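The values are calculated or read from the model by the stated rules, or taken from the named source; none is laboratory data. The shown structure was predicted, so the numbers you read here are calculated from the model rather than taken from an experiment. Glycine also receives a Cβ, built like all others from the backbone with ideal geometry; neighbour counts cover every protein chain displayed.
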Amino acid sequence: MSETATAPDATYNAQKSMDEIVALCKRRGFVYPASEIYGGINGFWDYGPLGVQLKNNIRDSWWRAMVECPPIGPDGDPLQIVGLDSAIVQNPKAWVASGHVGGFNDPMADCKACKSRFRADHLLALELIFPESDQHFLICGIGEPEEIIEKNKKRIDKLSKGQAGQGFTLSGFNEYTKLNESGRSEFVCPECGEKGSLTEPREFNLMFETFVGAIRDDDAKAYLRPETAQGIFLNYKNVLDTMRVRVPFGVAQVGKAFRNEVTPRNFVFRSREFEQMEMEFFCHPDDAGQWKEYWKEKRMEWYRSLGLSADNLIFREHDKDELSHYAKDGYGTVDIEYKWPFTAPGYGELEGIAHRCDFDLNAHSKANNPDSNADLSYFDQELQVRLQNEGVEKDEIKRRSRYIPHVIEPAAGLTRATLAVICEAFTPTPERKGSKYILKFAPHLAPIKAGIYPLVNKDGLPEVAKKLYLDLRNKFTCEYDAKQAIGKRYARMDEIGTPYCFTVDSDTLSDNTVTVRERDTGEQSRIAIDEVERFLSEKIGR
Ligand code: ATP
């Protein structure tokens, strides 16, 4: 958490075009559609040379903030957090115990006419009532009620056939199904406008199935993990037994997760294969509420350190009807939400900070699960000593010193965070010659930190520039390029978000200085060639 980046100009995100962002990501080697030459595959994306570099930088920043240099706890000491890299495929019994086989479902509705598929709980339904003919219709859509009405103006006119109608809005899955069950209304597909073509919402399990071994029967069925968290719970005892950690402590993991999402959309925001950065923080049940508050603040600070502006970030407590299967009454989840170009002026989830209670450890404990052979309770020696000193009775000490820890889980999406960083950095520059856009990445996240150029590819300049490049590349990701006009080379660097370029020209040969060009302002100044490394270290914070 040492890096504090200056936020790029918080150009109002609603004015940023996702089409332009997606096109820039493709054109400049950040993100490509997976299997593009075969027409792509919905919900899967490949990260190109610059995309993987950016994503790795965000991952490394998280790993550093969690594992290598965890934050200081309320007692003034650094927290204990260790890393893990568990398998993607685990024993399928683990997913039964975790509740994913039985309950990791999203409701989906299909249009029988145009074959579009929708997350039923994302649909907002606007009921139109025509008292004259006692007719009801449900116009469905995604977004604000006004937008849905505006988008469906023609359909509404057609349905009303000149009758005066009354309309009111409904939101949420419950009302949606209730009206459907009442049989009074007919759904109108948000995509093709066909009446009565939407199916009842059906539960759809999001886990990808596979088979382990040569025989493809039910006994060989396994799952690709839908979250990295369970690998941590499965290794909780291993970590306790092999590492010198005591409650409270955390285990962090970064890795791929797979969800057969009903409607993958908004570029990499909701994809079927994505990466998560999750940390399970095991603590005493009585302290869980305070730890949740602690992690809320720390996680928000981290997003700010990526250069996301405070205006674009909010906390949102989950409503009661959104609570996860593991949440008990009174314990909830708070999301950190970002103002995406496709949600603005609204916000969408970036990370969830959940109080998972003792749900997962209980579920994997032999006390509750005949398939498990592990006792996952925790004996708290420090608490025992404290209670003894307080003169608490023996049996009471025994009872209170052994417990199942509660868990606070900051669960972030690495690929989603990468998209947020790209959206924030994306800055159209109609006034600037050469580049149409700048990606104003915080310098420590930029895929390439510096471009090293000879002004012209002759007169002894390439040799000097090459030497500078070879010296710097041990410490910073740099690029040497001797071709094209210098303006074109700068423009490319602006579009991929390189914060600094250093240019060797004929003056360098006599006075040992180079031109520094800054990405955000386009300003140029001169510094001694020997100062370049120190300059970059200061600016990039390494
Ligand atoms: P959502 O409500 O958006 O479906 P979720 O609440 O199910 O997300 P979690 O299970 O809490 O998500 O997962 C933690 C994080 O993983 C999310 O905050 C998000 O950043 C990321 N994530 C979840 N699903 C996806 C996905 N399909 N594509 C990309 N990232 C995802």
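Against the definition (in contact with a helix residue (DSSP H, G or I) (Cβ under 8 Å, 6 or more places away or on another chain), at pLDDT 95 or above, surrounded by fewer than 19 Cβ atoms within 10 Å (Cβ to Cβ) and over 30 Å from Gly51 (Cβ atoms)), how does His284 come out, yes or no?
Taking the combined requirement at face value, the residue satisfies it.
With respect to Ala450, is the statement that it is more than 16 Å from the ligand (Cβ to nearest atom), within 18 Å of the chain's Cα centre (by Cα) and at pLDDT 95 or above true?
No: the conditions fail for Ala450.
Go through (1) closer than 18 Å to Leu419 by Cβ; (2) part of a helix (DSSP H, G or I); (3) within 16 Å of the ligand (Cβ to nearest atom) and name the single condition Glu275 misses.
Tallying (1) closer than 18 Å to Leu419 by Cβ; (2) part of a helix (DSSP H, G or I); (3) within 16 Å of the ligand (Cβ to nearest atom), Glu275 fails exactly one: (2).
Arg534 versus (1) surrounded by fewer than 19 Cβ atoms within 10 Å (Cβ to Cβ); (2) closer than 28 Å to Trp302 by Cβ; (3) in contact with a Pro (Cβ under 6 Å, 6 or more places away or on another chain): which is the lone unmet condition?
(3)
Report the residue count in the range 248-261 for those that are more than 10 Å from the ligand (Cβ to nearest atom) and more than 21 Å from Ser61 (Cβ to Cβ).
Number of matching residues: 2.
Could you tell me whether Phe249 is under 19 Å from Leu414 (Cβ atoms) and either in contact with a Ser or Thr (Cβ under 8 Å, 6 or more places away or on another chain) or not assigned by TED's automatic domain parsing to the domain that holds Asp121 (or both)?
For Phe249, the condition - under 19 Å from Leu414 (Cβ atoms) and either in contact with a Ser or Thr (Cβ under 8 Å, 6 or more places away or on another chain) or not assigned by TED's automatic domain parsing to the domain that holds Asp121 (or both) - is not met.
Among the residues of the range 331-347, what is the count of those that are assigned to a strand (DSSP E or B) and either near the ligand (Cβ under 10 Å from one of its atoms) or free of Cβ contacts under 8 Å to residues at least 24 places away in the same chain (or both)?
Of the residues in the range 331-347, 5 are assigned to a strand (DSSP E or B) and either near the ligand (Cβ under 10 Å from one of its atoms) or free of Cβ contacts under 8 Å to residues at least 24 places away in the same chain (or both).
Listed here are the residues, each with its yes/no results for (1) away from the ligand (no atom under 13 Å from the Cβ); (2) buried (at least 18 other Cβ atoms within 10 Å of the Cβ); (3) in a strand (DSSP E or B).
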{"site": "Arg244", "(1), (2), (3)": "yes, no, no"}
{"site": "Thr263", "(1), (2), (3)": "no, no, no"}
{"site": "Phe267", "(1), (2), (3)": "no, yes, no"}
{"site": "Trp295", "(1), (2), (3)": "yes, yes, no"}
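Out of all the residues in the range 462-486, which are touching a strand residue (DSSP E or B) at 6+ places or on another chain (Cβ under 7 Å) and over 19 Å from Glu533 (Cα atoms)?
Matches in the range 462-486: Ala482, Ile486.
If Cys114 meets every condition in (1) more than 20 Å from Leu224 (Cα to Cα); (2) of a type outside the set (Ser, Thr, Tyr); (3) part of a strand (DSSP E or B) apart from one, which number is that one?
All conditions are met except number (3).
Return the residues of the range 446-504 that are buried (at least 21 other Cβ atoms within 10 Å of the Cβ), part of a loop (DSSP other than H, G, I, E, B) and among the charged types (D, E, K, R); say none if nothing qualifies.
Correct list: Lys449 only.
Using beta carbons and a limit of 6 Å, which pairs, at least six apart or on different chains, have the first residue in the range 48-70 and within 13 Å of Ile422 (Cα to Cα) and the second one aromatic (Phe, Trp, Tyr) and surrounded by 16 or more Cβ atoms within 10 Å (Cβ to Cβ)?
What qualifies is Leu50/Phe30; Gly51/Phe30; Lys55/Tyr47.
Among the residues of the range 57-94, write down those that are of a type in the set (S, T, N, Q) and part of a loop (DSSP other than H, G, I, E, B).
Gln80, Ser86, Gln90, Asn91
Give me the pairs: first residue in the range 269-286 and over 13 Å from Cys357 (Cβ atoms), second residue near the ligand (Cβ under 7 Å from one of its atoms) and basic (Lys, Arg), beta-carbon distance under 8 Å, and six or more apart or on different chains, which are they?
Close Cβ pairs satisfying both conditions: Phe269/Arg416; Arg272/Arg259; Phe274/Arg259; Phe274/Arg416.
Please state which one of Leu376, Leu383, Leu350 is more than 16 Å from the ligand (Cβ to nearest atom), touching a residue at least 24 places away in the same chain (Cβ under 8 Å) and surrounded by 22 or more Cβ atoms within 10 Å (Cβ to Cβ).
Of the residues listed, the single one that is more than 16 Å from the ligand (Cβ to nearest atom), touching a residue at least 24 places away in the same chain (Cβ under 8 Å) and surrounded by 22 or more Cβ atoms within 10 Å (Cβ to Cβ) is Leu376.
Can you find a residue in the range 204-226 that is within 16 Å of the ligand (Cβ to nearest atom) and over 30 Å from Cys111 (Cβ atoms)?
yes
Name the residues in the range 212-242 that are touching a residue at least 60 places away in the same chain (Cβ under 8 Å) and not in a helix (DSSP H, G or I), would you?
Once the filter is applied, which keeps residues that are touching a residue at least 60 places away in the same chain (Cβ under 8 Å) and not in a helix (DSSP H, G or I), the range 212-242 yields Val212, Lys221, Ala222, Tyr223, Leu224, Arg225, Pro226, Glu227, Thr228, Asn235.
Please count how many residues of the range 387-399 are assigned to a helix (DSSP H, G or I) and surrounded by 14 or more Cβ atoms within 10 Å (Cβ to Cβ).
Of the residues in the range 387-399, 2 are assigned to a helix (DSSP H, G or I) and surrounded by 14 or more Cβ atoms within 10 Å (Cβ to Cβ).
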